[in-house]
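Below is one structure; the comments refer to it alone.
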Amino acid sequence: MKIGIKYCGGCNPVINRKRLVKQVMQQLPDDVSYEYFDFNDCDVVLVVNGCSIACAEVPSGKDIIMVAGPTIDGWEYPEDKLADKVIEKWSAR
Amino acid sequence: MKTGQEYIDSLRQLKTELYFMGERIENIVDNPYIRPHINTAALTYDMAFDPEFMDLAVATSNLTGEKINRFTHIQQSKDDMVKKSKFLRAIGQKTGTCFQRCVGWDAMNSVYSVSFEIDKKYGTNYHARACDYVKYIQQNDLMVVGGMTDPKGDRGLPPHKQPDPDLFVHVVETREDGIIVRGAKAHQTGAANSHEILVMPTVAMKPEDKEYAVSFALPLDTPGVMLIFGRQTNDERKLGTLDQGNPTYGVVGGEALVVFNDAFVPWERVFMFGETEFVGMMVERFATYHRQNYGACKAGVIDVLIGATALMADYNGVTKASHIKDKIIEMVLMNETMHASSLAAGYESRALPAGNYYPHTTYANITKQNITRYHYEICRLAHDITGGFIATLPSEKDLEDPVTGPIIKKYFQGNANVPAMDRIKMGRLIENATGGTSLVESMHGAGSPQAQRVMLLRDANLERLKELAKNVCGIDCEKEE
């Protein structure tokens, strides 16, 4: 399985985007691979916005898990729970 | 696009004639006084390859359709103008200092737009030249210094009446293949480590100033071009590490006087020559583009300063004091106000006749005007919270000394849970970020405060505001429909 990681530009992030992605990767199976640039072959794209403005350009036609600051799909969580919630979203697919 | 290392390697190929501290500097790249500024500029190259930042750092050229570093982009939309502001804040947060490349970026957008309008009036071909030049910069990912500020001599006299005619850059000879230029551009941020300079006039001109109404571009290692690198406050600390405060990226951008001693400019690199009525437009375009930036790059730099100040409160054990919290709130309030006006200048930007986008002039001028005040006030609060020890800290050599080092660490200890060295490092960062060169740059960069106030008054449309007041009071005047 291939997961896309798409960051916003990081002008003033209120969460640690890189740490979140690292925590998500630690919980995903070893056979998952990651792509940062070309999302054509990705099954899911994790879009990681640093704040709730969510200005990252979202790849079209893809299954998206949207992190926007301390929120996922609009629901707010403590920052240390975000990775678990991303995994929940991913597992439900 | 170039990586940071490729950018640094490309600088080694240049033969820029640069002087500093009484000598010609042959190896600019490894010179300790200049290297921090090179490291900062190199980061702007690397960010275009970093997935965490490329959403802002990379743009698509309107001229070639290729992916380019955003610092070479001609603004194509409101979204571009907002991204500009966000990108600059992101870099400021990583470097804590000026990264220099926005000046040339704004110069390219100014020349791109004004050359188009000159062509429309006179049938010249400046715009095609400007497009070719921008394409060259984009495809080679070059760093351009925007050359606007002339030495200006007697500020009460126009260029042609100066006792020394070279105090504004001017054309001294016209040849079949180009022009010969003489004069200088002052305060040129990043010039020591740029590839090119893009020159624009600096004040509005009348027909008598025709020879001064010139815009052109040159490689900085062109024969006849020389640079004299400026001193900074505390710059001998660059010979060490800890005492610099920000040892990797330095303070401000590294400024130089760029002198043109009868340098030759081929016609294909001339974008204005003699069209005095367009000089004011070019000055205003550049100033407005550049003033928007100050609420972006400085916001990022001040984010670092606020963080450092809050840490100092922790290290000093005063975090819970209500007046400390209140002062930090004040710092945040001022910083976010500045960034908000920079963003507003982008969201309210408009398309120019050439097609590129241009910031809202009032919001851009408000941004810069606030910087000239708020940056000083924020630094004052940082000093207030941090304490006087940043002005009296012993040197890093004393810290390394086996006799004095342990004593310094003992007596500069604050909160017992924090190593004294952390407190000293943070103090040095705050000291260097809040004094001398960095504050003067905030005052005068992109134009001195009065220049913004003139534009604010001009754009305020007071006559309309008077009519509004009269209408509300029922005083006889033309009623609004």
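Residue B:10 meets each of the listed conditions (1) within 28 Å of residue B:201 (Cβ to Cβ); (2) in contact with a His (Cβ under 8 Å, 6 or more places away or on another chain); (3) open to solvent by 10 Å² or more (accessible area, probe 1.4 Å); (4) outside any loop (DSSP other than H, G, I, E, B) apart from (1).
A single entry from B:135, B:94, B:152 fulfils the requirement of being part of a helix (DSSP H, G or I), in contact (Cβ under 8 Å) with a residue 12 or more places away in the chain, more than 14 Å from chain A (Cβ to nearest Cβ) and out of contact with any Gly (no Cβ under 7 Å at 6 or more places or on another chain): B:135. Does residue B:206 satisfy being in contact with a Pro (Cβ under 7 Å, 6 or more places away or on another chain), charged (D, E, K, R) and in the same structural domain as residue B:132 (by TED's automatic domain parsing)? Answer is yes for this residue. When the residues of region A:56-80 are filtered to those that are within 14 Å of another protein chain (Cβ to nearest Cβ) and open to solvent by 60 Å² or more (accessible area, probe 1.4 Å), the one that is farthest from residue B:55 (Cα to Cα) is A:58. Summed over region B:116-147, residues that are in contact with a Pro (Cβ under 8 Å, 6 or more places away or on another chain), buried (at least 18 other Cβ atoms within 10 Å of the Cβ) and not acidic (Asp, Glu) total 1.
Condition check for residue B:84 on (1) part of a helix (DSSP H, G or I); (2) over 25 Å from residue B:436 (Cα atoms); (3) open to solvent by 10 Å² or more (accessible area, probe 1.4 Å); (4) of a type in the set (D, E, K, R): one failure, at (3).
So is residue B:108 more than 14 Å from chain A (Cβ to nearest Cβ) and either farther than 26 Å from residue B:337 by Cα or not in a loop (DSSP other than H, G, I, E, B) (or both) or not? Yes, satisfied.
Here is a yes/no grid of residues against (1) of a type in the set (Asp, Glu); (2) in contact (Cβ under 8 Å) with a residue 40 or more places away in the chain; (3) surrounded by fewer than 23 Cβ atoms within 10 Å (Cβ to Cβ); (4) not in a helix (DSSP H, G or I):
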{"position": "B:330", "(1), (2), (3), (4)": "yes, yes, yes, no"}
{"position": "B:338", "(1), (2), (3), (4)": "no, yes, no, no"}
{"position": "B:341", "(1), (2), (3), (4)": "no, yes, no, no"}
{"position": "B:372", "(1), (2), (3), (4)": "no, yes, yes, no"}
{"position": "B:378", "(1), (2), (3), (4)": "no, yes, no, no"}
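Take the residues in region A:21-53 that are more than 11 Å from chain B (Cβ to nearest Cβ) and assigned to a strand (DSSP E or B), then tell me which one is most open to solvent (accessible area, probe 1.4 Å).
Initially, region A:21-53 is screened for residues more than 11 Å from chain B (Cβ to nearest Cβ), giving A:22-33, A:38-46, A:52.
Subsequent filtering for residues that are assigned to a strand (DSSP E or B) retains A:33, A:44-46.
Values: A:33: 48, A:44: 6, A:45: 0, A:46: 6 Å².
Ranking the qualifying residues of region A:21-53, first place goes to A:33.
Residues in region B:296-320 that are part of a loop (DSSP other than H, G, I, E, B), more than 12 Å from chain A (Cβ to nearest Cβ) and either in contact (Cβ under 8 Å) with a residue 60 or more places away in the chain or open to solvent by less than 30 Å² (accessible area, probe 1.4 Å) (or both): B:317, B:318. Comparison of B:440, B:454 shows that the only residue that is closer than 21 Å to residue B:255 by Cβ, assigned to a helix (DSSP H, G or I) and open to solvent by 50 Å² or more (accessible area, probe 1.4 Å) is B:440. Looking at B:61, B:77, B:10 in this structure, which one is in contact (Cβ under 8 Å) with a residue 40 or more places away in the chain and more than 21 Å from residue B:141 (Cβ to Cβ)? Just a single option satisfies the conditions, and that option is B:77.
Only residues that are under 16 Å from the mean Cα position of the chain (by Cα), within 14 Å of another protein chain (Cβ to nearest Cβ) and not basic (Lys, Arg): list them for region B:50-72, please. The answer is B:71, and nothing else. Residue under question is residue B:47, and the condition is that it be without any contact (Cβ under 8 Å) to a residue 40 or more places away in the chain, surrounded by 17 or more Cβ atoms within 10 Å (Cβ to Cβ) and facing another protein chain (nearest Cβ under 10 Å); does it hold? No: the conditions fail for residue B:47. Under the condition of being open to solvent by less than 10 Å² (accessible area, probe 1.4 Å) and of a type in the set (Ser, Thr, Tyr), which residue from region B:53-81 is nearest to residue A:10 (Cα to Cα)? Ranking the candidates gives B:72 first.
For region B:30-44, which positions are part of a loop (DSSP other than H, G, I, E, B) and either surrounded by fewer than 16 Cβ atoms within 10 Å (Cβ to Cβ) or touching a residue at least 40 places away in the same chain (Cβ under 8 Å) (or both)? Can you show your working first?
Looking only at region B:30-44, we keep the residues that are part of a loop (DSSP other than H, G, I, E, B), and these are B:30-34.
If the condition is that a residue be part of a loop (DSSP other than H, G, I, E, B) and either surrounded by fewer than 16 Cβ atoms within 10 Å (Cβ to Cβ) or touching a residue at least 40 places away in the same chain (Cβ under 8 Å) (or both), then B:30, B:32, B:33, B:34 are the ones that fit.
Could we say that residue B:16 is surrounded by 19 or more Cβ atoms within 10 Å (Cβ to Cβ), modelled with pLDDT of 95 or more, outside the structural domain of residue B:360 (by TED's automatic domain parsing) and closer than 29 Å to residue B:263 by Cα here? The answer is yes for residue B:16. The combined condition, being part of a loop (DSSP other than H, G, I, E, B), assigned by TED's automatic domain parsing to the domain that holds residue B:231, among the aromatic types (Phe, Trp, Tyr) and open to solvent by less than 40 Å² (accessible area, probe 1.4 Å), is fulfilled by residue B:99. On the basis of being open to solvent by 10 Å² or more (accessible area, probe 1.4 Å), in the same structural domain as residue B:81 (by TED's automatic domain parsing) and either closer than 20 Å to residue B:233 by Cα or in a loop (DSSP other than H, G, I, E, B) (or both), does residue B:259 make the cut? Taking the combined requirement at face value, the residue does not satisfy it.
For region B:212-240, the set of residues classified as of a type outside the set (A, V, I, L, M, F, W, C) and under 14 Å from residue B:31 (Cα atoms) consists of B:230, B:231, B:235, B:236, B:237, B:238, B:240, listed by residue number.
In region A:1-20, the residues that are facing chain B (nearest Cβ under 7 Å) and free of Cβ contacts under 8 Å to residues at least 60 places away in the same chain reach residues that are among the aromatic types (Phe, Trp, Tyr) and in a loop (DSSP other than H, G, I, E, B) with C-beta atoms within less than 6 angstrom, at least six apart or across chains, in these pairs: A:5/A:36; A:9/B:53; A:10/B:53.
The values are calculated or read from the model by the stated rules, or taken from the named source; none is laboratory data. Quick caveat: nothing in here was measured; it's all calculated off a predicted structure. Heads up, the Cβs are rebuilt from the backbone with ideal geometry, glycines too, and the neighbour counts pull from every protein chain shown. We work out accessible area using only protein heavy atoms, side chains counted, and drop any ligands, DNA or RNA first. Shrake-Rupley method; radii C 1.70, N 1.55, O 1.52, S 1.80 Å.
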